[in-house]
Amino acid sequence: MSMDPHDQTRGDSTPFFSDDQPAPLSCNEAASLCLKAARGAGMSWGMAEEAGFAAAWLVSHGIDGPSYLRAHLERADGKDWDDLCPLVTPTTWRNTADQPVCPIILGVTLCDYADLPEGLRPNICIPLGFVSAPILLVPFLTELSLRNSLSITLSWPHGTMCIEGKESSFEAALHLLGTLQLDLTVSAKDAQPCRPNATSTPNAHTTAATVAALNSFAMRTTVPASAASRASAGSTLSDND
Amino acid sequence: MSVTTPNMAFEAAHFMRPASEVMRLARMGSGHPTRLSFLHILLRRLGSSEWQIDRPVWNVDANGVGHGVYRVKSAEQTYSLVAFAHDLPDEMRSDRVIATAWDATFTLFDGDPTPNDIARLADNVPYQEAGRISSKELTLARANRSVRLFRHVVEALSQGRQPDAKEMNAVGYLMRTTAVYGSGKFGASDRDDIAQRPELAAPFQVEMLTVWLIRAFTVDIVEHIAAANGGAHAVKLDRDTRRLLGVGNSTGLGMAPFIVRHPVLLNNWMMARETALARVRAQTSAIAASIAGLETALAAATLNAAAWHSEHPVQVRKLHDLRRDLDLIASQLATFDWTVSLPWNDLWEWGENTLTYEGQEALLALMLEPHGALIDDLAEHMGADEAASFRINGAMSVADLRRILETEYAWALAIDFTTPENIARFWYVSEEKLEPRLGERASEDGATLELPLCIARLAAELYRTVQNYDETKPVAALLLAHPEHRYAVRRVQIANNHPYAEVQDNLIAADMLPIDLLRCKLAYFGASQFDPRSDRWVRINLFAGAPFPDEIKAEGAV
């Protein structure tokens, strides 16, 4: 950390990590930083909240969600919505232009459609096409599996993995899904209702480089100071009383 | 913790005030602390449970520099405030988030800190935002002296005198905190990880505990310095004088967005308070002890109103209203007929017809005060499981979404957002300090980076889209076509079953007063003597009149 008391005063949880230091963020910090970064990279506020949710969820399950989100945002930066979203049809959810789909948009949309005919229901199989940073789908699919009592399977050309809301499966998720992109198909079958696993995993650390990269996206949401903004920010009276 | 809806007898439900009345800025900006305020919830628990409180470490030199540890301990948990006392030159003292050094800095440690923990904290806590704390810490805070009163009290005590009562009343605290961070800020423990503990289930309990222990520290440090200066002549503060001291707090716009960003939490705070009022009004008789309790509370409120100073024109007017209204309440009580069938409701309805918002909201606090047995359980319902209402119901039809907008957001749809005065302001985050600020749309840059805090306009924009959208389609399809409305759709679905979730006013209007948002939140904290220093910056006092750690056991539940 900085020992210089003059280079500080960030009104929010912007940490002061550097070099190759591990960066142990709280879940709240991870969610807050990722929300702002996602907004800075062009997501709507409501979608950026979902990005914050997904990244913090992964942190609380021992996976460096912020670094995966960073990797995705760096690829998706500047792309139009149409190049990032799935085209929802009864048979396939591939992107129209066959671009890698944003895992946040896809995860959210799978949840939004969970109880609709086009959605992921038992004995349904949906080709998703290429999905960017696919591990970011896991928080959404786990919620979906718990809520609708589903056992969800993701499959790709050389592998599959099953999500049932059990803690043990997350390590496997990291190993299999912690990659730049995968050509995925999702399917589901009925499962026994289960409750979220109560065992707590230590929070994952992220890296100083990720924090710096996410901060530079986040700073796009801020307004440069002006004389007017400084003047109206605080008290007009002295604090030495 | 329980976040279920509080039990509501049918009779009491009849007496609930509607959101259209409660959730207006003018009324929220007249809020008073009640026995459901968070610091009162904390004091009740500390007074009634098996909590041992001591100060195991006091390592402070003759200049008042060093550290101390204050410990609160039960069979299950220990919480330790680690306090660092500094020697701060006057020119570095600022209450703003832009300050870089303080008279004292603090963290609430989860457990008993080891010397290694203290050493780690000493390397970080004094630097506040530029330091890091860990999941072993629950809060991070700092405080500055009230230079005038601190100096006066040191001088008086060191010379063997008690401080001047007039000086004490004029300020009311030795130090004021300028930030108390919790909930995972700067690496601290996440709220989700501690919210299951019964003593932390109500909102802001670690923050309130931090401030209450800081209050003890402010007295210890002033007595310590006086003793160092005065030697054998020095005396301690009289217990009655000490009791009057609270901890000041200085806060600005940064706090305002909180209640807008946490609609379920805001709903639960309001719901608890409104349910309490409804239960009191629904009583079919008044017992003597409750009437006596009301009169005692009125006497205390009258004293508080007399001591309450502000130079801000808005608050000066409100204080005038409050003092007059408290006199009116006193006159009414002198001849009040308590034998009618709904005496508390009669009193309330008289107040609604007679008093200003200041007086009405003060009357609410007074009426709750003698009814602990009837309403204190509602404190259990003031937390919120926000994750439970985060997920959007994509299967809802657009027609249903539209109906919710038309019923729950009629107040918002009625605002004309084409007139300059209704879009005069915009909320944004400053690049310089990452603090929320409020800009003037016509004259300042940055409106394209507006924060989504004007829920009324977002709801109106959503409504415009929905009017032109196939209403047989599901919300999921609407959001795939219009991702820009995801934020507003989530709010609207929350508001559908959380009636007090929204501040029902235009938060970017030219005449909007941010201090109204601040006062609402601070009243829930339990803050007294709300003193605006501008229309977006305010000072308050916390814990004035409350017991100190060495008194709370003897006094039992407050």
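The values are calculated or read from the model by the stated rules, or taken from the named source; none is laboratory data. What you are looking at is a predicted structure, and each value in this text was computed from that prediction instead of being measured. Ideal geometry is used to build each Cβ from the backbone, glycine not excepted, and the neighbour counts take in all protein chains shown.
Before moving on, here are some points about what is shown:
- Residue within the stretch B:200-208 that is over 17 Å from residue B:72 (Cα atoms) and modelled with pLDDT of 95 or more present: yes
- The stretch B:124-162 - residue that is surrounded by fewer than 20 Cβ atoms within 10 Å (Cβ to Cβ) and of a type in the set (Lys, Arg) and, of those, modelled with the lowest pLDDT: B:148
- Set side by side, the residues B:491, B:486 differ, and just one is under 26 Å from residue B:16 (Cβ atoms), within 14 Å of chain A (Cβ to nearest Cβ) and in contact (Cβ under 8 Å) with a residue 12 or more places away in the chain, which is B:491.
- Against the list (1) within 14 Å of chain A (Cβ to nearest Cβ); (2) surrounded by 15 or more Cβ atoms within 10 Å (Cβ to Cβ), the condition residue B:77 fails is (1).
- Subset of the stretch B:298-328 that is assigned to a helix (DSSP H, G or I) and among the charged types (D, E, K, R) - its residue that is farthest from residue B:367 (Cα to Cα): B:317
- Members of the stretch B:513-558 found to be within 19 Å of residue B:38 (Cβ to Cβ) and part of a strand (DSSP E or B), listed by number: B:528, B:529, B:530, B:538, B:539, B:540, B:541, B:542
- Among the residues of the stretch B:48-89, those that are touching a Phe, Trp or Tyr at 6+ places or on another chain (Cβ under 7 Å), within 17 Å of residue B:111 (Cβ to Cβ) and of a type in the set (A, V, I, L, M) comprise B:72, B:81, B:82, B:83.
- Cβ-Cβ contacts under 6 Å between residues 6 or more apart (or on different chains), taken from a first residue in the stretch B:47-67 that is hydrophobic (A, V, I, L, M, F, W, C) to a second residue that is modelled with pLDDT under 95, are listed as B:51/B:74; B:65/B:87.
Per-residue answers, yes or no, for (1) in the same structural domain as residue B:475 (by TED's automatic domain parsing); (2) of a type in the set (Ser, Thr, Tyr); (3) within 30 Å of the chain's Cα centre (by Cα):
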{"residue": "B:405", "(1), (2), (3)": "yes, no, yes"}
{"residue": "B:412", "(1), (2), (3)": "yes, no, yes"}
{"residue": "B:417", "(1), (2), (3)": "yes, no, no"}
{"residue": "B:422", "(1), (2), (3)": "yes, no, yes"}
{"residue": "B:428", "(1), (2), (3)": "yes, yes, yes"}
{"residue": "B:431", "(1), (2), (3)": "yes, no, yes"}
{"residue": "B:436", "(1), (2), (3)": "yes, no, yes"}
{"residue": "B:439", "(1), (2), (3)": "yes, no, yes"}
{"residue": "B:444", "(1), (2), (3)": "yes, no, no"}
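- Residues that are assigned to a strand (DSSP E or B), more than 12 Å from chain A (Cβ to nearest Cβ) and of a type in the set (S, T, N, Q), drawn from the stretch B:175-206: B:177
- Taking the stretch B:113-131 as the range and being away from every other protein chain (no Cβ under 12 Å) and in a loop (DSSP other than H, G, I, E, B) as the test, the residues that pass are B:113, B:114.
- When each of B:122, B:62, B:85, B:130 is tested for being among the small types (Gly, Ala, Ser), under 20 Å from residue B:179 (Cα atoms) and touching a helix residue (DSSP H, G or I) at 6+ places or on another chain (Cβ under 7 Å), the lone residue that passes is B:85.
- Any hit, the stretch B:388-409, residues being touching a Lys or Arg at 6+ places or on another chain (Cβ under 6 Å), in a strand (DSSP E or B), at pLDDT 95 or above and within 14 Å of chain A (Cβ to nearest Cβ): no
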